[in-house]
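*Asks:* Structure below; questions to follow.
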């Protein structure tokens, strides 16, 4: 099979997966972020890279977002939101962070394949992205891609779609966002 044919199949998988995400859950996350004082985002491995992309765009929007674990990340407080992207919903370090965030009184949001996971159960807002699981558990959404690729790609597209919804709600366009783009590159 040619590389471009694989690309077409991957795009079909992404469309199928995106169609299964509930708009009501996504809107709950949008509203939670817009009402929060500060936004904290975490993920492990490739999901962590997607979190970084999301935080960057929220910064461009003028929000107050942070990646958990960076040296410049402030303390989480009541009134903040903590968003965790975790396919399994069971990553031990992320579970510990979710427990800590709940004990502080922050809103916890989980974006996961498994809404009934430990992180999903700890979350106030749960968005299910029903993609193929790394563990081989049959989620009913099989992928030709290895491991958690479908989830991670869907996570990035979901985060970018959340940004588009922010832009719509705040009446913003890309031109306004460029004013906050890095200028020391």
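*Asks:* Take region 121-133 and flag every residue that is at pLDDT 95 or above, crowded, with 23+ Cβ neighbours inside 10 Å and closer than 16 Å to residue 151 by Cβ. If you could, list the steps in order and put the result at the bottom.
*Replies:* The initial filter retains those residues of region 121-133 that are at pLDDT 95 or above, namely 121-129.
If we keep only those that are crowded, with 23+ Cβ neighbours inside 10 Å too, we end up with 123, 126-127, 129.
Answer for region 121-133, where residues must be at pLDDT 95 or above, crowded, with 23+ Cβ neighbours inside 10 Å and closer than 16 Å to residue 151 by Cβ: 126, 127, 129.
*Asks:* Follow-up question, since we're still on this one. Please give the strands (runs of 3 or more DSSP E) falling wholly within region 60-131 in which 1 or more residues are touching a helix residue (DSSP H, G or I) at 6+ places or on another chain (Cβ under 7 Å) and more than 29 Å from residue 178 (Cα to Cα).
*Replies:* 107-112, 125-128
*Asks:* Can I ask one more? With the checklist (1) touching a helix residue (DSSP H, G or I) at 6+ places or on another chain (Cβ under 8 Å); (2) closer than 12 Å to residue 57 by Cα; (3) in a loop (DSSP other than H, G, I, E, B) in hand, flag the one item residue 182 doesn't pass.
*Replies:* With (1) touching a helix residue (DSSP H, G or I) at 6+ places or on another chain (Cβ under 8 Å); (2) closer than 12 Å to residue 57 by Cα; (3) in a loop (DSSP other than H, G, I, E, B) applied to residue 182, the lone miss is (1).
*Asks:* Next question, about the same structure. Restricting to region 75-95, what's the tally of residues that are surrounded by fewer than 20 Cβ atoms within 10 Å (Cβ to Cβ) and either closer than 20 Å to residue 154 by Cβ or at pLDDT below 95 (or both)?
*Replies:* Going through region 75-95 one residue at a time, the tally reaches 1.
*Asks:* Within the bounds of region 151-161, is there any residue that is over 14 Å from the mean Cα position of the chain (by Cα) and either modelled with pLDDT of 95 or more or surrounded by 15 or more Cβ atoms within 10 Å (Cβ to Cβ) (or both)?
*Replies:* Scanning region 151-161 turns up no residue that is over 14 Å from the mean Cα position of the chain (by Cα) and either modelled with pLDDT of 95 or more or surrounded by 15 or more Cβ atoms within 10 Å (Cβ to Cβ) (or both).
*Asks:* Also: With (1) under 24 Å from residue 31 (Cα atoms); (2) in contact (Cβ under 8 Å) with a residue 60 or more places away in the chain; (3) not in a loop (DSSP other than H, G, I, E, B) as the list, and residue 164 as the residue in question, which single condition is left unmet?
*Replies:* The single condition residue 164 does not satisfy is (2).
*Asks:* OK, next. Determine the pairs where a residue that is at positive phi and in contact (Cβ under 8 Å) with a residue 40 or more places away in the chain, located within region 115-136, has a partner that is part of a strand (DSSP E or B) and buried (at least 16 other Cβ atoms within 10 Å of the Cβ) with Cβ atoms under 7 Å apart, the partner being 6 or more residues away or on another chain.
*Replies:* Correct list of pairs: empty, since none qualify.
The values are calculated or read from the model by the stated rules, or taken from the named source; none is laboratory data. Bear in mind the structure is a predicted one, so any value in this text is a computation, not a measurement. No Cβ is skipped: glycine too gets one built from the backbone with ideal geometry, and neighbour counts run over all protein chains shown.
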